[in-house]
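The values are calculated or read from the model by the stated rules, or taken from the named source; none is laboratory data. Everything numeric here is computed off the predicted structure, so don't read it as measured data. Methodologically, a virtual Cβ is constructed for each residue, glycine included, from the backbone with ideal geometry; neighbour enumeration extends over all protein chains shown.
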Amino acid sequence: MILVTGGAGFIGSNFILDWIASERTPVVNLDKLTYAGNLENLAALQGDPRHVFVHGDICDGALVGRLLREHKPRAIVHFAAESHVDRSIHGPADFIETNINGTFRLLEEARAYWQELPQAEKAAFRFLHVSTDEVYGSLGPDDPPFSETTPYAPNSPYSASKAASDHLVRAYHHTYGLPTLTTNCSNNYGAYQFPEKLIPLIILNALNGKPLPIYGDGLNIRDWLHVGDHCTAIRAVLAKGRPGETYNIGGWNEKTNLDVVHTVCNILDELQPDSLLTPHASLLTFVKDRPGHDRRYAIDARKIERELGWRPAETFETGMRKTVRWYLEHAGWIQNVTSGAYREWVGRNYGER
Ligand code: NAD
Ligand code: DAU
């Protein structure tokens with residue numbers, strides 16, 4: 001049994017599906033079901049006793065403590081977070097509450113539970129904290145990619161809150177000996193990603209003939225990783241990572257946002273040659289930049305490769321093709337997530353650009 005937080009979100013749900021398919025052991029999934037949480041992502045597990053869903057908040061220490069004592073997990077895999085940079089600019093409070101206070105609560109309850117475990121279980125227990133490359137700040141064009149020793153320099157309320165949570169996790173290892181692992185991953189894409197993030201937003205807008213909004217000059221660089229590869233990396237770190245260590249995870253896929261958007265458009269042109277919207281790239285629209293927009297992220301993923309033998313299986317081309325196809329084949333899922341609340345967000349974020 002493992003306890004996953006935020007397992008109804010994009011990466012968490014992919015992780016649970018992958019975990020149950022490969023490890024075959026049960027998961028307790030604690031999720032608050034914010035706008036980003038969607039149980040439909042886990043519909044394939046309906047009726048499967050290996051997935052136990054608990055609707056609740058990681059900030060609720062009493063609930064977390066009860067779940068730990070009841071289910072006795074051998075590990076906690078902590079995904080739950082507010083995760084969207086633009087939302088953190090519009091309203092940072094939820095980011096402070098969940099990402100910092102929530103992680104603190106979870107650590108406190110994990111420590112109390114872990115301290116009471118019998119010796120062998122205590123030694124085997126792991127707290128895996130899923131974090132981001134954004135904590136390292138922004139790279140110049142010729143800077144080496146982020147390594148595990150790059151100093152922290154977060155620039156958005158989102159990345160600052162994740163940086164704070166990373167520091168708390170580190171402190172719980174050094175101070176109390178809690179066997180923690182931290183992963184700092186680059187931008188993910190793939191199935192079940194909520195369409196406020198670049199790639200699904202562009203796919204959906206392109207399919208609907210809406211403008212494809214490019215912030216600033218479109219030359220900001222991100223290092224893209226297919227979500228399936230992120231899940232295998234987390235499993236590798238959980239199985240073989242050294243307690244107290246951090247592992248950077250990335251795809252060796254540095255792309256400008258313009259590259260990414262053109263890739264989506266080209267795949268759609270190829271898959272839908274008769275569409276009246278082909279060529280989809282004619283929908284590209286430059287809009288006002290994101291404040292404090294980090295220019296470049298890139299991950300040096302040699303440590304996880306060297307120590308744990310992990311490398312991504314997908315290239316950007318294979319992963320993007322799978323992803324565009326997935327959105328084309330899941331019109332019902334799209335219909336359900338692009339509800340009134342989603343439309344309200346799009347109006348708020350893009351109305352003023
Ligand atoms: P997401 O926004 O899609 O999902 C977050 C999930 O957490 C949702 O299901 C939500 O309901 C849940 N949640 C939010 N607040 C909660 C709370 N207080 N208690 C319980 N559940 C709560 O996020 P994601 O993209 O799947 O990211 C998951 C994790 O991975 C985050 O910690 C994020 O910082 C990290 N990460 C994301 C990426 C990326 O590209 N998406 C890259 C690197 C790291
Ligand atoms: O690097 C890892 C991070 O990647 C994760 O920690 C975050 O949770 C995740 O949201 C992601 O953050 P980004 O800010 O990089 O992702 P986003 O999809 O919002 O934006 C990707 C790039 O595309 C960024 O340079 C901003 C740009 N962009 C985004 C949107 C939504 C646009 O040009 N237009 C858009 O409409």
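If the condition is being within 10 Å of ligand 1 (Cβ to nearest atom), in a loop (DSSP other than H, G, I, E, B) and not aliphatic (A, V, I, L, M), then the range 52-106 contributes Gly56, Asp57, Cys59, Asp60, Phe79, Glu82, Ser83, His84.
Taken over the range 183-229, residues that are within 11 Å of ligand 2 (Cβ to nearest atom), among the charged types (D, E, K, R) and not in a loop (DSSP other than H, G, I, E, B) amount to 2.
For the residues Thr315, Thr246, Thr323, the requirement of being loosely packed, with under 14 Cβ neighbours inside 10 Å and closer than 27 Å to Trp19 by Cβ singles out Thr315. Taken residue by residue, the range 166-182 has no member that is part of a loop (DSSP other than H, G, I, E, B) and within 24 Å of Gly91 (Cα to Cα).
Yes/no per residue for (1) among the acidic types (Asp, Glu); (2) farther than 22 Å from Ser147 by Cβ; (3) assigned to a strand (DSSP E or B); (4) away from ligand 1 (no atom under 13 Å from the Cβ):
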| residue | (1), (2), (3), (4) |
| --- | --- |
| Leu238 | no, no, no, yes |
| Thr263 | no, yes, no, yes |
| Asp269 | yes, yes, no, yes |
| Pro273 | no, yes, no, yes |
| Leu277 | no, yes, no, yes |
| Phe286 | no, yes, yes, yes |
| Asp289 | yes, yes, no, yes |
| Glu305 | yes, no, no, yes |
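If you check Thr285 against the conditions, is it in contact with a His (Cβ under 9 Å, 6 or more places away or on another chain), surrounded by fewer than 15 Cβ atoms within 10 Å (Cβ to Cβ), at pLDDT 95 or above and of a type in the set (S, T, N, Q)? No, not satisfied. Scanning the range 199-243 for residues that are closer than 30 Å to Leu3 by Cβ, touching a Lys or Arg at 6+ places or on another chain (Cβ under 8 Å) and either without any contact (Cβ under 8 Å) to a residue 24 or more places away in the chain or of a type in the set (Val, Ile, Thr) (or both) yields a count of 0.
Here Thr132 meets each of (1) under 25 Å from Phe10 (Cα atoms); (2) surrounded by fewer than 17 Cβ atoms within 10 Å (Cβ to Cβ) with one exception, condition (2).
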